[in-house]
1. Gly173 - would you say it is of a type in the set (Gly, Ala, Ser), without any contact (Cβ under 8 Å) to a residue 12 or more places away in the chain and touching a helix residue (DSSP H, G or I) at 6+ places or on another chain (Cβ under 8 Å)?
2. If you check Gln102 against the conditions, is it polar (S, T, N, Q), modelled with pLDDT of 85 or more and exposed (fewer than 11 other Cβ atoms within 10 Å of the Cβ)?
3. I need the full set of residues from the stretch 162-180 which are of a type in the set (Gly, Ala, Ser) and either farther than 24 Å from Ile204 by Cα or surrounded by fewer than 16 Cβ atoms within 10 Å (Cβ to Cβ) (or both), in order please.
4. Does the stretch 322-338 include one or more residues that are crowded, with 16+ Cβ neighbours inside 10 Å and at pLDDT below 90?
5. Name every residue in the stretch 124-175 that is outside the structural domain of Val297 (by TED's automatic domain parsing) and at positive phi, in order of residue number.
6. Can you pull out the residues in the stretch 143-158 that are modelled with pLDDT under 80 and either charged (D, E, K, R) or loosely packed, with under 11 Cβ neighbours inside 10 Å (or both)?
Amino acid sequence: MAETPTDDALVTIAAKRAIDPDARRGDKRVMSDHVPIERPRARGPRLGVIIILIGLAFIAGSVAMGYALKTMPWFGQRTGLTAAGSTTAAAASGNPDFTPAQPLNANGEQPRVDTAMLATREATLAGQLTALEARTAAVSSDAMAAGGQATRAEGLMVAFAARRAIDRGVGLGYIEEQLRLRFGRAQPRATAAVIQAAHQPVTIEDLRQGLDTIAPQITSTNGTTNDSWLQTVRREFSNLIVLREESMASPMPADRLARARRLLEAGQVEAARAEVERLPGATQASNWMDAARRYIVARKALDILENTALMGQAGQPQPSPIVVTTPVLPPVATSTQTEAPVAVPAP
């Protein structure tokens, strides 16, 4: 231990005892006066060594590049082409009439142009372009065909939906607008007939019930004509005995009515209408005849629309034009205007 209290070792031991809790508790190992001596840190490499290594690496790289330029022709040629390209670009930017020099081969000479090889390459490129054009045309035709098939299918679906709605006796709804968009230009009259038939629907059941209702009137001639009594008696006597061929249908009113009913059951409205028209009281069936005529016209129009869709003549739906309406302001009333008389309905 040092002789004076100002000794550095004494100060160090006192500070360590004040900080370390083990020393304050009286640990003998801590109370020791031994002060460890710190080893000096090893110094890093000097700056001169680093500079020498960098210089050696630069010299080695220069030697390797020179060796590559001498022993590898392609390396020198690529470097020359790069320099020549930069020079050509600089000259072309400064002079618009500048013509770049032809590239040189490994011997420093301009390569010879092989016309046969150029012609072969040109023919090959032309063939490839022709093949690409053919493929493009094939893809375009396939796309057009697919679009046509889609349009045809959509037209058929619209026509079938319209037929189903009319057969059921319900309105067309949104199908009416589709009919106008797809068939309005190709078949305007048939489209109008279908829409009109949908506004006044007639079904087979309606015709059957109507025929049953007027059956007594159309099969009897009592009170249906303005003929004299002599003509009436002659007609009655002529119906007593009827001569006809075996293959011909019976002209009796009851038989005609039965045939008309069977034809209605089979959906042959036109033939049933012809049978009713030959009955003695056909004049009493004018409403029924008109309904049957509208039914026949609607079905013929639907057949036309379906054939148009099958042939691909139905057009694509076009968006409806937007109509901008300008509001009309009412005239400003003045003191000179007189009020119009109000019409009072008659009692």
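The values are calculated or read from the model by the stated rules, or taken from the named source; none is laboratory data. For clarity, every value in this text was computed on a predicted model and none was experimentally measured. For neighbour counting, all protein chains shown are included, and Cβ atoms are generated from backbone atoms with ideal geometry for every residue, glycine included.
1. On the way: of a type in the set (Gly, Ala, Ser): yes; without any contact (Cβ under 8 Å) to a residue 12 or more places away in the chain: yes; touching a helix residue (DSSP H, G or I) at 6+ places or on another chain (Cβ under 8 Å): yes.
Considered against the rule, which asks whether it is of a type in the set (Gly, Ala, Ser), without any contact (Cβ under 8 Å) to a residue 12 or more places away in the chain and touching a helix residue (DSSP H, G or I) at 6+ places or on another chain (Cβ under 8 Å), Gly173 comes out as yes.
2. No; evaluated as a whole, the condition is false for this residue.
3. Gly169, Gly171, Gly173
4. Filtering the stretch 322-338 down to residues crowded, with 16+ Cβ neighbours inside 10 Å leaves none.
No: the stretch 322-338 contains no residue that is crowded, with 16+ Cβ neighbours inside 10 Å and at pLDDT below 90.
5. none
6. Answer for the stretch 143-158, where residues must be modelled with pLDDT under 80 and either charged (D, E, K, R) or loosely packed, with under 11 Cβ neighbours inside 10 Å (or both): Met144, Ala145, Ala146.
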